[in-house]
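Undergrad: Got a structure for you, written out below as structure tokens; questions coming shortly.
The values are calculated or read from the model by the stated rules, or taken from the named source; none is laboratory data. Since we're looking at a predicted model, the values are computed, not measured. Ideal geometry is used to build each Cβ from the backbone, glycine not excepted, and the neighbour counts take in all protein chains shown.
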Amino acid sequence: MSLLLDRIPIEIFHIIFDYFWAHEILHSFNNISNYLDSILSNYNRYLINFESIRKSHFDLLCRSIRPEQVITLILSDKIETINQSQLFQSLFSIEQFTHLRALKLIELDDDGESFFSSLYKMPKLLSLEINTKINVPLIKRLPSLETFIINIPSGIHFNLDPSISMIQFKQLRHLTLSNCSCRQLQKIFDQAVQLTSVNISFTFLISDELHAFVNFHQEKTRLSSLISLNLFVNGGGKYINHAKSYLPFVSFSGHKIMRSYVERFLAPLQRLRRLELVIPFSAEHSLFDADQWERFLSNHLPRLSTFNFNISSWGSDTNIIDQYRRPFWLNRHWYVACNDDHSSLLTVPYFASTLMNHSSTPLSPNCTTLPIEQHHIFYDCVTDFTFDFDECKLPSRYNYVKKLFLRCSHIEDNVVDLSQVQTFIVSTTEWSLYKIITLIKEAMPAVNCLSLNYAYPRVSYQCLENISLKQVQNLCLPQYGKSEGIKPFNWSQLFPCVERLHISINSKSQIKCLLNQFRNLISGYFYVGFGHQNKNKSIQITRSWLQKQISSSKGKITKNFTYRIDNQFSFSLCLWIGENSY
């Protein structure tokens, strides 16, 4: 085999490698022949993705690849790869990656602060992406970025402006920001004369922020090059019903988003070709009006070829959908749909829901302008399906469900193609463990992630001794910690190939037991659920104790693991375990 591979030109291997992550390349081609090892050693366009990576692959990459060979780097301190950035920095300094073009930091322990101080030494860096839940530290200096992205989860708000106020954006072409103020965005636009694509979200918590949005272009901001805009506008509150005997009405405890506000922001952007607009609630009813959209788009955004929107208001004309059956919309294939109470209007299939409940009312042809021969899209888009109600008939079959939630006693036949399901989450006590395991064995061969969100099963392994689900590699047991006093159940006999474990515990001894059961474990999250821990038995763990338990489970002495213990409010332990000792 190696003789045949040695005949392939180097250039062909380089073309192949460009399509794969670095750990996939090394895992597939390393140590096959001297010829291939030489190619790997001299290839200089490695893309490294450390998110959710096996620690053995992390170790292999750190041993085998020189920093100057890397052009893309993704680092993550999420619970599956705990303390990764600290370990990475003990081996390398970021300025060693002299040819790095793209850097992505995911929930780093210090929010990336340790990296930002040295990024100015990397003149070839063109893209920086930061995913954070807590904060973004002050970024003093950066090279001339073309892409800058900060992602913050929905519902989390903090002032982003001070963190990015010193960045120069002269070369910027693509910008994504959450929680940015209008005033900060104006400063960026004034500098970023080459900006072509913007993904921005505004949440108007105070009136001054809304006022700045309405008057955004009074500062004569330069936006001549902008061709793509994703705009998320949140009024900052929720609807509250106010009833008076003589005049019932609805008002908004926040800031209502008026059509005039949106139009004043969009009107100067006359080169836009693509627009995505999301207003999750509090939209003025006139934003549903097709006539007004037609006039505005024709007069101000004549180059627009793609228009996707998802707008929610409080009540609407039941005939609103008919306005969108005119040639202006249908000829452009701008199809829309509305929900049952006509409170949300959205373009389809772009905003077609990927979520579906068994008890949901099927889409009516009267609620969409999508041609009826394309209605299968509404079913084919669904990837997350929930069985939450018994004896409910649905008119179609969902063939592409990847995540299945079970919250009732019955699964309707021929509703979901069970063979496609990869994640199975059970949250009902009406299914016995035997019934669940049998269903997976007989009808769900692709399930690799299983979550059993119900009380600890009182079941003997004897009735399951002929079943072994080797395809399950991710196991979640949120109620395991309630098992004190119940005869231990050996989950590893059912699931011998589990590599990632997410489980509640109530004692130190349970951690020891689990580590010895799941000998293939590469990542573990052990936590005390609410009310699970015996208050008289606090959990105290040291590294030496962990090393002893991990070594016992692996059958050899190993120090190759990282961990984090958090006992500020309640106990939790994250583990990232290497498969080989060093």
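Undergrad: All but one of (1) outside any loop (DSSP other than H, G, I, E, B); (2) surrounded by 14 or more Cβ atoms within 10 Å (Cβ to Cβ); (3) outside the structural domain of P445 (by TED's automatic domain parsing) hold for C408, so report the exception by its number.
TA: With respect to (1) outside any loop (DSSP other than H, G, I, E, B); (2) surrounded by 14 or more Cβ atoms within 10 Å (Cβ to Cβ); (3) outside the structural domain of P445 (by TED's automatic domain parsing), C408 is out only on (1).
Undergrad: Next question. Please go through region 103-139 and give me each residue that is assigned to a loop (DSSP other than H, G, I, E, B), over 20 Å from the mean Cα position of the chain (by Cα) and within 27 Å of Q194 (Cα to Cα), ordered by number. Can you show your working first?
TA: Residues of region 103-139 that are assigned to a loop (DSSP other than H, G, I, E, B), as a first pass: 107-112, 117-118, 122-126, 132-139.
Those left that are additionally over 20 Å from the mean Cα position of the chain (by Cα): 110, 117-118, 122-126, 137-139.
The answer is S117, S118, M122, P123, K124, L125, L126, P137, L138, I139.
Undergrad: Can you list residue pairs whose Cβ atoms sit under 7 Å apart, with the first residue in region 279-297 being without any contact (Cβ under 8 Å) to a residue 24 or more places away in the chain and crowded, with 18+ Cβ neighbours inside 10 Å and the second being in a helix (DSSP H, G or I) and among the aromatic types (F, W, Y)? Count only pairs 6 or more apart in sequence or on different chains.
TA: none
Undergrad: Can I ask one more? Any residue at all in region 208-228 that is in a strand (DSSP E or B), at pLDDT 85 or above, closer than 17 Å to E263 by Cα and outside the structural domain of K256 (by TED's automatic domain parsing)? Step through it out loud before you land on a result.
TA: So in region 208-228, the residues in a strand (DSSP E or B) come out as 228.
Next, only the ones that are at pLDDT 85 or above stay: 228.
So of that shortlist, the ones also closer than 17 Å to E263 by Cα come out as 228.
Add one more test, that the residue is outside the structural domain of K256 (by TED's automatic domain parsing), and what stays is 228.
Scanning region 208-228 turns up at least one residue that is in a strand (DSSP E or B), at pLDDT 85 or above, closer than 17 Å to E263 by Cα and outside the structural domain of K256 (by TED's automatic domain parsing).
Undergrad: Can you name the strands (runs of 3 or more DSSP E) wholly within region 229-312 that have at least 1 residues being farther than 18 Å from S344 by Cα and at pLDDT 90 or above? Explain how you work it out, then say what you get.
TA: On the way: elements: 238-242, 249-253, 274-279, 306-312.
Hits in region 229-312: 274-279, 306-312.
Undergrad: Could you check Y19 against (1) farther than 27 Å from C574 by Cα; (2) touching a strand residue (DSSP E or B) at 6+ places or on another chain (Cβ under 8 Å) and say which number it fails?
TA: The failed condition is (2).
Undergrad: Next question, about the same structure. Identify the residue in region 25-51 that is in a loop (DSSP other than H, G, I, E, B) and at pLDDT below 95 and, among all such residues, is farthest from C574 (Cα to Cα). Step through it out loud before you land on a result.
TA: Taking region 25-51 first, the residues in a loop (DSSP other than H, G, I, E, B) are 30-33, 43-45, 50-51.
Still in the running and at pLDDT below 95: 30-33.
Numbers: N30: 31, N31: 33, I32: 35, S33: 38 Å.
It comes out as S33.
Undergrad: Within region 74-126, which residues are polar (S, T, N, Q) and at positive phi? Before you say what the answer is, go through the steps one by one.
TA: Our first condition is that a residue be polar (S, T, N, Q); within region 74-126, this holds for 76, 81, 83-86, 89-90, 93, 96, 98, 114, 117-118.
Listed by number, the list holds a single entry, N83.
Undergrad: Let me ask something else. Return a yes/no flag: does region 346-364 have any residue that is in the same structural domain as I257 (by TED's automatic domain parsing) and farther than 26 Å from Q420 by Cα.
TA: yes
Undergrad: Suppose we keep only residues that are of a type in the set (G, A, S) and over 20 Å from R264 (Cα atoms) within region 306-333. Which one would you say is surrounded by the fewest Cβ atoms within 10 Å (Cβ to Cβ)? Full working, then the answer.
TA: Filtering region 306-333 for residues of a type in the set (G, A, S) gives 312-313, 315-316.
Those still in the list that are over 20 Å from R264 (Cα atoms) too: 315-316.
On the way: G315: 10, S316: 21.
Among them, the one singled out is G315.
Undergrad: Go through region 160-194 residue by residue and tally those that are buried (at least 16 other Cβ atoms within 10 Å of the Cβ), more than 14 Å from L231 (Cβ to Cβ) and among the aliphatic types (A, V, I, L, M).
TA: 6
Undergrad: Right, next: Looking only at region 351-366, which residues are over 27 Å from H410 (Cα atoms) and modelled with pLDDT under 90? Reasoning before the result, please.
TA: Going residue by residue through region 351-366, those that are over 27 Å from H410 (Cα atoms) are 351, 365-366.
Across region 351-366, the qualifying residues are P365, N366.
Undergrad: Yes or no: K402 modelled with pLDDT of 95 or more and within 29 Å of A352 (Cα to Cα)? If you could, list the steps in order and put the result at the bottom.
TA: Numbers: modelled with pLDDT of 95 or more: yes; within 29 Å of A352 (Cα to Cα): yes.
Criteria met by K402.
Undergrad: Considering only residues of region 427-486 that are basic (K, R) and assigned to a loop (DSSP other than H, G, I, E, B), which is modelled with the highest pLDDT?
TA: K470
Undergrad: Here's another thing I want to ask about it. Looking only at residues in region 341-384 that are of a type in the set (G, A, S) and out of contact with any helix residue (DSSP H, G or I) (no Cβ under 9 Å at 6 or more places or on another chain), which one is farthest from R326 (Cα to Cα)? If you could, list the steps in order and put the result at the bottom.
TA: Quick first cut of region 341-384, residues of a type in the set (G, A, S) only: 343-344, 352-353, 359-360, 364.
Within this subset, residues satisfying the condition of being out of contact with any helix residue (DSSP H, G or I) (no Cβ under 9 Å at 6 or more places or on another chain) are 343-344, 359-360, 364.
Values: S343: 21, S344: 20, S359: 33, S360: 29, S364: 19 Å.
Filtering first and then ranking leaves S359.
Undergrad: Would you check if there is a residue in region 145-159 being on the phi < 0 side of the Ramachandran plot, at pLDDT 90 or above and acidic (D, E)?
TA: Yes, some residue in region 145-159 is on the phi < 0 side of the Ramachandran plot, at pLDDT 90 or above and acidic (D, E).
Undergrad: State which residue is nearest to the chain's Cα centre (by Cα) when the search covers only region 334-347 and only residues that are surrounded by 13 or more Cβ atoms within 10 Å (Cβ to Cβ) and assigned to a loop (DSSP other than H, G, I, E, B).
TA: Let us first name the residues in region 334-347 that are surrounded by 13 or more Cβ atoms within 10 Å (Cβ to Cβ), namely 334-339, 342-347.
Still in the running and assigned to a loop (DSSP other than H, G, I, E, B): 334, 339, 342-343.
Values: W334: 27, N339: 25, H342: 29, S343: 27 Å.
Going through the qualifying residues, I end up with N339.
Undergrad: Here's something else I'd like to know. Those residues that are under 27 Å from the mean Cα position of the chain (by Cα), closer than 14 Å to L226 by Cβ and surrounded by 19 or more Cβ atoms within 10 Å (Cβ to Cβ), I need them from region 264-278; list them, please.
TA: L275 - this is the single residue of region 264-278 that is under 27 Å from the mean Cα position of the chain (by Cα), closer than 14 Å to L226 by Cβ and surrounded by 19 or more Cβ atoms within 10 Å (Cβ to Cβ).
Undergrad: Of the residues in region 553-572, how many are under 26 Å from the mean Cα position of the chain (by Cα) and aliphatic (A, V, I, L, M)?
TA: Residues flagged as under 26 Å from the mean Cα position of the chain (by Cα) and aliphatic (A, V, I, L, M) within region 553-572 amount to 1.
Undergrad: Now for a separate question. What tally of residues in region 77-102 results from selecting those that are outside any helix (DSSP H, G or I) and surrounded by fewer than 22 Cβ atoms within 10 Å (Cβ to Cβ)? Reasoning before the result, please.
TA: Of all residues in region 77-102, those outside any helix (DSSP H, G or I) come to 77-78, 82-83, 92-93, 97-102.
So of that shortlist, the ones also surrounded by fewer than 22 Cβ atoms within 10 Å (Cβ to Cβ) come out as 78, 83, 92-93, 98-99, 101-102.
Looking only at that region, the number is 8.
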